[in-house]
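To start, the structure under review is shown below, and the notes come after it.
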Amino acid sequence: MAEMLIGGERAGAADTIAVVDPATEQELDRVPRGGRAEVDRAVQAASAAFASWSRTDPGERAAILAAGADAVEAEAAALVDSLVHEQGKPPLEARGELSHFLGGIRYYAGLATKVRGAYQPLPSTFGPAYGLVVRRPIGVVGAIVPWNFPLTLLANKIGPALAAGNTVVAKPAETTPLTTLRVAELLIGAGLPAGVLNVVTGFGVEAGEALASHPLVRRVAFTGQTSTGRRIMELAGPRFARVSLELGGSDPTIVCPDADLDEAAKSIAIGRYWNAGQACLAPKRAYVFDEVYDAFLDKLAGRVSRYQPGPGWEKAEKPHIRIGPLHLARQRDVLADQLADAVDRGAKVVVGGGVPEGRDTGHFFEPTIVVDAPHDSRVVREETFGPVLPVFRVSDLDEAIRLANDSDYGLGSSIWTTDAKAIHRATQEVEAGITWVNQLHYGYDEMPFGGVKGSGVGKEHGVESLDEYVELKSAVVGGLG
Ligand code: NAD
């Protein structure tokens, strides 16, 4: 059985949780069902470690994180295998996730030596003086991570938090704790002092709530559903703990008449069906100009028909492309209900539409394209967290932008065109944290990323991520002569 990591030691709990392979529905392993007591021990350990980690030379912090990335890379094959089995994604996607994790940790390690303050000359009203603006680490960070990208979303939090001198208690999703535990063990083995990084496993309403509401947790970094984000804010709010909430999305993509349709179809297909459609920043609504609608739909349908659902570890025969199962059975049911709601109200399924034949075991769902869905149907109003893409016909950019913005979410967005005016309007007018232009929806470590509206608050990625893990303190220095 896998164990938690508290104060540099492995730790268990009175009860355990089964971790299940979503392709076979078989138990893979068990992890401790951590609760309030285990979270408290981990937070106390992180709080005790903060005094010395926050004062550790930033260059040394960077070196330890970089050594951790090397240790993780040395075990890449086993970690990829573990991720394939506990999450469901095929090895190609798991390798992509691991390399994004490594790139992230190395990027944030490099930032450890770049935390800068400011010098401010002051008027000599009360004698000669100058001001300093100091950036200090905050303290204990609670990092709560979902199951869709367990490693990259962990890196986004522990990377800048540890680089800036904070200590962390991480809680992976109860269904994907195994790879996280091993990665954390490798990072600790590479030199993170005891208590600097702790991992508590358990359910959201138990371990997650205990972490978000712990008085010593000064900062909560959360990725997950919008409804859970609301709860995190309620828990962290009363003690004014800082929060970042990376929540759900329903990204629009706009395909203009001059778009490179092959590139657009390829990138939208990869973006939407990668990770079996379980990505926050996937294009989830396509608005296609009338002039190119039929041609685009043809190209997209051709690509999407090549996906073949199956267990991640089984290769699909060319020209098929493997797509893994959905992570949870209940999530497949929600997706089927969302699609049925659109179809009942007149939408047509162009490709896919249900559980693939012969795949009754495992949470498989066919990659699906649906057209003519009503704009108030569930596939539009709600986040579809699976391989379903509604495609709509639009007559001009005004209509495309109006429909793109007609959503409670505002995470990502994209436009396919080389028309400078259309690009300008999309980057200025689409309500989202990011607009990709002629590009796959992808979260670069170098670019700040985070949503607006129901998609959350705060930024991950970029040098800006450091600002999320420091607090400003002013000093006024007098007595100068
Ligand atoms: P979730 O909200 O159910 O769970 C996420 C994490 O929060 C898990 O570790 C869970 O155990 C914990 N949790 C659940 N309830 C909790 C509570 N009451 N208090 C504290 N912690 C709690 O989300 P999920 O279904 O695992 O993840 C999918 C969601 O994440 C999707 O909506 C997706 O769009 C979103 N997401 C957003 C981003 C982003 O950067 N904006 C990235 C990836 C995923």
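No lab work stands behind these numbers, since they all come straight from the coordinates. Bear in mind the structure is a predicted one, so any value in this text is a computation, not a measurement. For neighbour counting, all protein chains shown are included, and Cβ atoms are generated from backbone atoms with ideal geometry for every residue, glycine included.
Points worth noting:
- Exceeding the 28 Å Cα-Cα cut-off - candidates Lys315/Lys459; Lys171/Lys315; Lys157/Lys299; Lys114/Lys157; Lys348/Lys421; Lys171/Lys459: Lys315/Lys459; Lys171/Lys315; Lys157/Lys299; Lys348/Lys421
- Spatial separation of Cα centroids for region 182-200 and region 288-337, in angstrom: 38
- Estimated FRET transfer efficiency (Ala48, Tyr444; beta-carbon r; R0 35 Å; 0.05): 0.45
- Annotation: amide H-H contacts under 5 Å for Trp436 (H modelled 1.01 Å from N, sequence separation of 5 or more, or interchain): Ser413, Ser414, Ile415.
- Modelled spin labels at Leu28 and Ala194, positioned 7 Å past Cα toward Cβ, are 3.0 nm from each other.
- Peptide packing for 416-427, 156-167, 208-219, 124-135 was compared via the average number of neighbouring C-beta atoms within 10 Å per residue; ordered from the highest value, the list is 156-167, 208-219, 416-427, 124-135.
- Efficiency of FRET from Cβ geometry, Ser124 and Glu263, R₀ 51 Å, rounded to 0.05: 0.25
- Using a cutoff of 8 angstrom between alpha carbon atoms and counting only pairs six or more residues apart, the relative contact order for the chain works out to 19 percent.
- Cβ-derived FRET efficiency at R0 22 Å, Ala37 paired with Arg10, nearest 0.05: 0.85
- Close amide-amide hydrogen proximity is noted between Ala11 and Met4, Leu5, Ile6, each under 5 Å apart and 5 or more residues distant or on a separate chain (H modeled in the peptide plane; Pro and chain starts excluded).
- Considering only alpha-carbon pairs that sit under 8 angstrom and 6 or more positions apart, the relative contact order computed for region 251-444 is 29 percent.
- Each residue of region 459-473 was assigned a 3J(HN,Hα) from its phi angle through the Karplus expression (A = 6.51, B = -1.76, C = 1.60, θ = phi - 60°), giving 10, 10, 6, x, 4, 4, 4, 4, 4, 6, 10, 10, 10, 7, 10 Hz with x at Gly and Pro.
- Residues listed by number, region 10-45, amide nitrogen under 16 Å from Val205 label point at 7 Å toward C-beta: 34-36
- Under 15 Å from a label point set 7 Å out along the Cα-to-Cβ vector of Trp313, the amide N atoms of region 7-40 belong to 20-29.
- Local electrostatic count, Gly117, Cβ distance below 11 Å [Lys/Arg +1, Asp/Glu -1]: +4
- The chain - share of DSSP beta bridges that are antiparallel (%, nearest 5): 40
- Label point distance in nm, Arg359-Arg55, each placed 7 Å from Cα along Cα→Cβ: 5.7
- Once the Cα atoms are used to define both axes, helix 36-53 deviates from the longest principal axis of the chain by about 60 degrees.
- Hydrodynamic radius of region 329-481 per Kirkwood, over alpha carbon pairs, in Å: 18.5
- Cα gyration tensor shape of the chain, rounded if a/c is under 1.5, else prolate or oblate by comparing a/b with b/c: oblate
- The chain: angle of helix 329-344 to the longest principal axis, Cα-based, in degrees nearest 10: 40
- Amide hydrogen neighbours beyond the local backbone of Phe365, cut-off 5 Å, H modeled: Leu326
- Residues Asp15, Asp251 arranged by fewest to most Cβ contacts within 10 Å: Asp15, Asp251
- Overall shape: oblate for region 220-338, with the ratio a/c of the largest to smallest alpha carbon gyration tensor axis at 1.5 or above and b/c at least equal to a/b.
- Residue separation of Asp344 and Arg306 scaled by 0.36 nm, minus their Cα-Cα distance, works out to 11.0 nm of gained length.
- Each 5 Å bin from zero holds the following percent of Cα-Cα pairs in region 415-461: 5, 20, 25, 26, 17, 7, 1.
- Here the 3J(HN,Hα) profile of region 293-298, calculated from phi with Karplus coefficients 6.51, -1.76 and 1.60 at θ = phi - 60°, is 4, 5, 5, 5, 4, 4 Hz, Gly and Pro shown as x.
- In terms of Cα atoms, the Rg and Dmax of region 251-444 work out to 15.8, 50 Å.
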